[in-house]
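Note sheet for the following structure.
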Amino acid sequence: LWIEVLRVQEFRVTFFDIGQGDSIFVETVEGHRILIDGGPDTAVLEKLAKRIPFWDRELDLVILTHADADHVAGLIDVLDQYKVEQILWTGVETSTVTFEAWKERMEREGAAISIAEAPQRIVWGGDAFMEVLHPFLGYETEVLNDTSIVIRLIHPEASIVMTGDATKAVEAELDVEADVLKLGHHGSKTSTSALFVEKVKPKIAVISVGSENSYGHPHPSVLETLAEYGISIKRTDTDGDITLRF
């Protein structure tokens, strides 16, 4: 009986407060667990420990949106501590020590590895699914942030667009609407154009950002844009973990 109490009785999407980085955890009613990015350090392990029973060390899917350290570093520890069934990433490599550690752990993990390519649908049963909106086959750029996997999560009650660190150049290629927008690049002025906000028409904007970070994120101009459209703003630096329940 006490094990049943720990089952998720609702569909949950949590934007972890892990400092200056991204980490998003999806839990389905059917018991599936999806982790999108791992943040800049081991903080993600503490967050997962509060959501997953200590005797259960499995994740169904890990998605790395792109190879920046503030998205990939925490995933190295996740692969050390959890059994991961599937990994989805861009296939775009960098020469950093952090990335090389991730690649080594990924290849050692034994998970089924897939390269993201739009249009691509991720289905795990139930009424919800994810679709990859970017990158497309043959997409080329020298900007690492623009290799980011852009995902829309669709649930009967709400939809969420998560853009990694994609810039305005990628946003211009997307034609998508959603109830929730996870802002690109932690609220940097390089992302979240007014045109994109107009296309997405979100009711809620989520900003994953570190408290008093040295980059000045989120940028005042981005906050002004969101305010102009009357969008409710949630920030991990001021609100902590942000959980949406359906």
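Details
- Pairs beyond 29 Å (Cα-Cα), from K50/K234; K50/K103; K103/K234; K168/K203; K103/K203: K103/K234; K103/K203
- Distance in nm between pseudo-label sites at V29 and N213 (7 Å out along the Cβ direction from Cα): 3.4
- For the pair E107 and S232, a Förster radius of 35 Å applied to the C-beta separation gives a FRET efficiency near 0.25, rounded to the nearest 0.05.
- Estimated at 0.36 nm per residue, the fully extended path between S114 and E177 surpasses their Cα-Cα distance by 20.1 nm.
- Its DSSP H runs of at least 4 residues, each contributing -39,500 (n - 2.57), put the calculated 222 nm mean residue ellipticity of the chain at -6500 deg cm²/dmol, to the nearest 500.
- Restricting the stretch 84-151 to GluC sites (Glu not before Pro) that sit in a DSSP loop and have at most 10 other Cβ atoms within 10 Å of their own Cβ leaves E140, E142.
- Whole-Hz couplings from phi, Karplus 6.51/-1.76/1.60, listed for the stretch 20-30; x for Gly and Pro: 7, x, 10, 7, 10, 10, 10, 10, 9, 4, 6
- Site pair D127 and D41 shows an inter-label distance of 4.1 nm when each label is modelled 7 Å from Cα along Cα→Cβ.
- With every protein chain in place, the stretch 49-195: carbon and sulfur % of accessible area (1.4 Å): 49
- Per residue, the solvent-accessible area of the stretch 173-225 (1.4 Å probe, heavy atoms of protein chains only, all protein chains present) comes to 44 Å².
- Counting only DSSP beta bridges with both residues in the chain, the antiparallel share comes to about 55 percent.
- Largest-first principal axis extents, alpha carbons of the stretch 99-154, Å: 37, 29, 16
- Prolate/oblate/rounded label for the stretch 29-139 (Cα gyration tensor, a/c 1.5): oblate
- Between the C-alpha center of the stretch 27-76 and that of the stretch 203-246 there is a gap of 21 Å.
- A 1.4 Å probe run over the protein chains yields, for the stretch 27-126, 45 Å² of accessible area per residue, whole-number rounding.
- Anisotropy class assigned to the stretch 88-193 is oblate, per the alpha carbon gyration tensor with a/c at or over the 1.5 cut-off and a/b no larger than b/c.
- Near I87, the amide H atoms lying under 5 Å from its own belong to V62, A112, I113, S114; only residues 5 or more places off or on other chains count, and H is placed 1.01 Å from N.
- Positive minus negative residues near L195 (Lys, Arg vs Asp, Glu; Cβ under 10 Å): 0
- Restriction of the GluC sites (Glu not before Pro) in the stretch 181-246 to DSSP coil positions whose beta-carbon has at most 15 other beta-carbons within 10 angstrom yields E212.
- With K and R counted +1 and D and E -1, the other residues having a Cβ less than 13 Å from that of L244 yield a net charge of -1.
- Cα gyration tensor shape of the stretch 205-246, rounded if a/c is under 1.5, else prolate or oblate by comparing a/b with b/c: oblate
The values are calculated or read from the model by the stated rules, or taken from the named source; none is laboratory data. As the structure is a computational prediction, the values presented were derived from the model and not from experiment. Using ideal geometry, Cβ is built from the backbone for each residue, glycine included, and neighbour counts are taken over all protein chains shown. Note: accessible area is taken over every heavy atom of the protein model, side chains too, but ligands, DNA and RNA are not part of it. Shrake-Rupley method; radii C 1.70, N 1.55, O 1.52, S 1.80 Å.
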